[in-house]
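Asker: I am attaching a structure below and will ask some questions about it afterwards.
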Amino acid sequence: MQRKSVLPVGVQHFPGHLKPGEQKKLLAEIRNAISIAPLFTPTMPRTGKPLSVRMSNCGELGWVCDKQGGYRYQKHHPDTGKPWPPMPQMLLDIWQEISNFPHPPQACLINFYNQAAKMGLHQDKDEQNFDAPVLSISLGDSCLFRVGATTRGGRTMSFKLHSGDVVILGGESRLAFHGVDRIYPGTSMLLKNGGRLNLTMRRVG
Ligand code: MD3
Ligand code: FE
């Protein structure tokens, strides 16, 4: 598998890595996880402004943020107080197949974007160790994803992510600024009411 030469070093895009049947199976696993750990609306530290993306997690740790506590990983759902549901075996298999990292992921953040949702440019640096890559899986409507340099204000480039695409963010790009500029409504039939799910698997500690 080769890296598209136009992407920053350390970013590997695998278009259509999951076939439609695999996407449906994974979606069923994620629906089950969300039935145990419902999507919540995270709020910005200090300001309390809600993010447009709704979130949940599976795996031993989950990423959360809120006005009071800021950005963090924790073992329990912020609303129910219950542990996150286990990581589906299918996700562990995908990580093992393509992450090239010798330990399993500890957290899988589930982001749900409705057609108006977006995510501003940011770095993922709430993990204690950046040796492991981040592995992202897209399901549902396509989006315009943006990735830049490891410093704010550097050059950025955009590419589209479609249902079934897998992206690995590692090496020099692990701390790159990135975000989701927009969702393209009606570009996938996978989610019956539209929108986009993104799953990001990570090592935290
Ligand atoms: C590039 N999610 O949850 S995943 C996030 O599509 C997040 O929901 C986006 O950014 C989404 O933090 C993008 C792809 C991704 C994840 C981590 C990265 C790209 C990255 C880390 C460094 C550079
Ligand atoms: Fe991110």
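Asker: Only residues in the range 64-82 that are of a type in the set (S, T, Y) count as the first member; pair them with residues that are not in a strand (DSSP E or B), Cβ under 8 angstrom, at least 6 apart or cross-chain, and list the lot.
Answerer: Partner pairs satisfying both residue conditions: Y71/P45; Y71/D126; Y73/D126; Y73/E127; Y73/V204; T80/A37; T80/P38.
Asker: Now for a separate question. Restricted to the range 68-117, and to residues that are within 16 Å of ligand 2 (Cβ to nearest atom) and surrounded by fewer than 16 Cβ atoms within 10 Å (Cβ to Cβ), which residue is farthest from N129 (Cα to Cα)?
Answerer: Across the range 68-117, the extreme among qualifying residues is G70.
Asker: Looking at the range 151-188 only, could you name the residues that are assigned to a loop (DSSP other than H, G, I, E, B) and in contact with a Ser or Thr (Cβ under 9 Å, 6 or more places away or on another chain)?
Answerer: Within the range 151-188, H162, S163, G164, D165, G170, R174, L175, A176, F177, T187, S188 qualify.
Asker: Which members of the range 122-131 meet the condition of being within 11 Å of ligand 1 (Cβ to nearest atom), in contact with a Lys or Arg (Cβ under 7 Å, 6 or more places away or on another chain) and open to solvent by less than 70 Å² (accessible area, probe 1.4 Å)?
Answerer: Scanning the range 122-131 gives D126, E127.
Asker: OK, next. Give all pairs with beta carbons closer than 9 Å in which a residue from the range 173-184 that is of a type in the set (S, T, N, Q) meets a residue that is within 6 Å of ligand 1 (Cβ to nearest atom); count only pairs at least 6 apart in sequence or on separate chains.
Answerer: Note: pairs meeting the criteria are S173/V147.
Asker: From G164, G170, which residue is more than 12 Å from ligand 1 (Cβ to nearest atom), surrounded by 17 or more Cβ atoms within 10 Å (Cβ to Cβ) and in contact (Cβ under 8 Å) with a residue 40 or more places away in the chain?
Answerer: None of the others qualify; the one that does is G164.
Asker: Does the range 26-33 include one or more residues that are surrounded by 19 or more Cβ atoms within 10 Å (Cβ to Cβ) and outside any helix (DSSP H, G or I)?
Answerer: no
Asker: Within the range 47-62, is there a residue that is open to solvent by less than 50 Å² (accessible area, probe 1.4 Å), over 13 Å from the mean Cα position of the chain (by Cα) and away from ligand 2 (no atom under 16 Å from the Cβ)?
Answerer: Looking for residues that are open to solvent by less than 50 Å² (accessible area, probe 1.4 Å), over 13 Å from the mean Cα position of the chain (by Cα) and away from ligand 2 (no atom under 16 Å from the Cβ), one finds at least one in the range 47-62, hence yes.
The values are calculated or read from the model by the stated rules, or taken from the named source; none is laboratory data. Everything numeric in this text was worked out from a predicted model, so none of it was measured. When we count neighbours, we look across all protein chains shown, and the Cβ atoms used for this are built from the backbone with ideal geometry, even at glycine. Surface accessibility is based on the protein's heavy atoms, side chains included, excluding ligands, DNA and RNA. Shrake-Rupley method; radii C 1.70, N 1.55, O 1.52, S 1.80 Å.
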